[in-house]
Each structure stands twice: as structure tokens, then as C-alpha cells.
1. What are the pairs with Cβ atoms under 7 angstrom where one residue, in the range 83-105, is surrounded by 21 or more Cβ atoms within 10 Å (Cβ to Cβ) and the other, located anywhere, is in a helix (DSSP H, G or I) and of a type in the set (D, E, K, R)? Sequence gap at least six, or different chains.
2. In the set L212, L196, L217, which member is touching a Phe, Trp or Tyr at 6+ places or on another chain (Cβ under 6 Å) and modelled with pLDDT of 95 or more?
3. In the range 196-213, which residue that is touching a Gly at 6+ places or on another chain (Cβ under 8 Å) and under 15 Å from G248 (Cβ atoms) is surrounded by the fewest Cβ atoms within 10 Å (Cβ to Cβ)?
4. Could you figure out which of (1) surrounded by fewer than 17 Cβ atoms within 10 Å (Cβ to Cβ); (2) in a helix (DSSP H, G or I); (3) in contact (Cβ under 8 Å) with a residue 60 or more places away in the chain isn't true of T33?
Amino acid sequence: MPPSGGDLPLTDARSPWKRQLQAAHLALTFLTTLPLPHVREVREGDFARASAYYPLAGYAVGGLVALLLWLPLPLPDGVRAALALAAWLAVTGMLHFDGLVDSADALLAMKSPAQRLDILRDVHVGAFGLATGVTALLILWSLLAAPIPAYAPLVAAVAGRLWVLLPMNLYPAARQESLGARSREGRWGAALLLALPALLLPGAWLAALAALVGVLLVARFAAGRLGGGLNGDVYGLLVVTAELLALGAYAWGRAGC
């Protein structure tokens with residue numbers, strides 16, 4: 001785990017290039033389970049700087065899933081989709097899926113905003129989280145088994161990690177000591193440039209638009225339920241929402257609707 005906010009040094013003598021390389025490294029180690037060297041030291045501003053490279057993690061996650069869909073494996077579509085789903089969960093360490101489940105338990109509870117924040121800190125999974133998680137996995141499996149382009153997961157993963165930066169910076173952090181709070185003030189323009197190659201793929205504009213609308217709507221709903229702020233679990237929910245909607249847009253387009 002990265003050190004807590006109190007362990008962050010006040011000065012940073014690293015060169016600009018080294019800071020950017022380490023920010024990219026931090027984004028990949030934080031958002032994926034790729035076998036990369038451990039981040040030894042996290043300094044002031046590193047998490048905010050790393051947010052510019054969130055789409056890079058999207059390329060890694062989506063690229064692996066896309067490869068599994070593209071390879072001519074002699075498997076039924078359902079089995080191929082199941083393997084792709086398992087790879088998706090594995091390479092993310094279920095980070096965003098965990099946020100989806102925790103957020104569902106809190107946001108759907110008939111409680112006060114303060115009590116919902118307490119639920120987000122609870123490590124136990126409730127009925128809302130279980131039902132939402134199972135439903136999300138079934139939808140993801142169905143979309144991966146649908147006749148979508150093999151590169152669709154790449155577009156979805158990149159778009160999800162790009163668009164999450166908008167509510168991350170539009171809404172205050174629900175808890176100032178959280179990692180989500182330290183990731184705010186991200187480099188939106190740099191992230192957009194990094195995501196641009198994926199967004200220029202065929203059909204990506206519609207998928208990205210669907211993901212963007214979903215992220216903004218869910219973020220507004222979540223902020224209203226949590227007293228105006230968002231936290232890391234909700235960011236995970238937003239990433240999963242964006243991914244499902246982007247894949248859904250590709251499936252919708254291929255269905256000829």
C-alpha cells in the first residue's frame with residue numbers, strides 16, 4: 001500500500017521527466033495487477049499526476065481482454081466470454097468491481113448520507129451489493145459473448161478511466177484522507193490526449209458518448225446520496241458503469257438498432 005498522507009515529503013527534487021515516468025508507473029500499479037516493480041515512495045502530488053495516465057491502465061486492461069476475443073481459440077462464444085471476463089477481473093484486481101459492490105450497498109440503502117458513508121467503510125457485502133455485482137457480471141459476460149469488435153473492450157476500458165476524471169474533479173471528496181481525494185486535480189487534458197487513439201477507433205465515439213452520459217448521471221445520483229461528495233468506491237462504480245455502457249453501445253450498433 002502507498003504510504004499515508006502524513007508520510008508524504010514536502011519537497012520533490014526529481015526531474016520533470018522522472019516525475020512523469022513514475023506517475024505512469026503509479027497509475028499502472030494502482031489500477032492493475034501487472035507484475036511491475038513496487039512503488040517505493042509516493043510523494044506530494046503523485047496521485048494527482050498519475051491520474052493523467054489512467055487511460056494507460058485502460059490500454060493494458062482492455063488490450064488483454066481484446067486479445068482474448070481476437071485470438072482464434074476453438075471455444076464456444078460463451079466460454080471465450082467467460083475467459084475474457086475472468087481476465088478483466090484479474091488484471092484489475094477487482095478494484096473497480098469492489099467499488100461497484102460497496103457503492104450499491106451504500107447508495108441504495110434507505111439511510112442518511114452520513115450512514116451511507118459508514119456503509120462504504122464496512123467490509124461486509126450486503127444484499128444490494130451482492131445483487132448488483134451478480135447482475136453486472138452477467139451483463140458483462142453477455143456483452144463479451146455478443147458479436148462486438150474485438151477492440152471494443154479496449155475502447156471501454158480506456159473510456160472508463162478517462163471519464164472518471166470528470167466527476168473526480170467536479171465533486172468534492174467525501175473523505176479528505178482517502179486515496180480518491182489525493183487523486184483529484186488530475187491532468188484531464190493529458191489524459192484525453194492519451195486516450196485519443198482508442199477514441200478514434202471505429203464506433204468509439206458512440207461508445208465513449210454512452211459512457212460519458214452514464215458516468216455523469218451516476219455521479220450526480222451518488223453525490224446526492226452521499227451529501228455532495230464522492231469517494232474511491234464510487235469512482236470504481238463509475239468506471240464499471242462506463243465500461244458496460246461502452247460495450248453496450250457496440251452491441252447495440254452490431255444488432256442494427
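The values are calculated or read from the model by the stated rules, or taken from the named source; none is laboratory data. Here the structure is a predicted model, which is why all the values come from computation and not from measurement. Here the Cβ positions follow ideal geometry from the backbone for every residue, glycine too, while neighbour counts run over all protein chains shown.
1. Close Cβ pairs (under 7 Å, with a partner that is in a helix (DSSP H, G or I) and of a type in the set (D, E, K, R)) amount to G99/D233; D102/D233; S103/D233.
2. Details: L196 fails: touching a Phe, Trp or Tyr at 6+ places or on another chain (Cβ under 6 Å); L217 fails: touching a Phe, Trp or Tyr at 6+ places or on another chain (Cβ under 6 Å).
The conditions single out L212.
3. As a first pass, look at the range 196-213 and keep what is touching a Gly at 6+ places or on another chain (Cβ under 8 Å): 198, 203, 206, 210-211.
From what is left, the residues that are under 15 Å from G248 (Cβ atoms) are 203, 206, 210-211.
Values: G203: 17, L206: 15, A210: 21, A211: 30.
My answer is L206.
4. Against the list (1) surrounded by fewer than 17 Cβ atoms within 10 Å (Cβ to Cβ); (2) in a helix (DSSP H, G or I); (3) in contact (Cβ under 8 Å) with a residue 60 or more places away in the chain, T33 comes up short only on (2).
Table: residues versus (1) surrounded by 14 or more Cβ atoms within 10 Å (Cβ to Cβ); (2) modelled with pLDDT of 95 or more; (3) among the polar types (S, T, N, Q); (4) out of contact with any Phe, Trp or Tyr (no Cβ under 8 Å at 6 or more places or on another chain).
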| residue | (1), (2), (3), (4) |
| --- | --- |
| D118 | no, no, no, yes |
| A150 | yes, yes, no, no |
| V155 | yes, yes, no, no |
| G160 | yes, yes, no, yes |
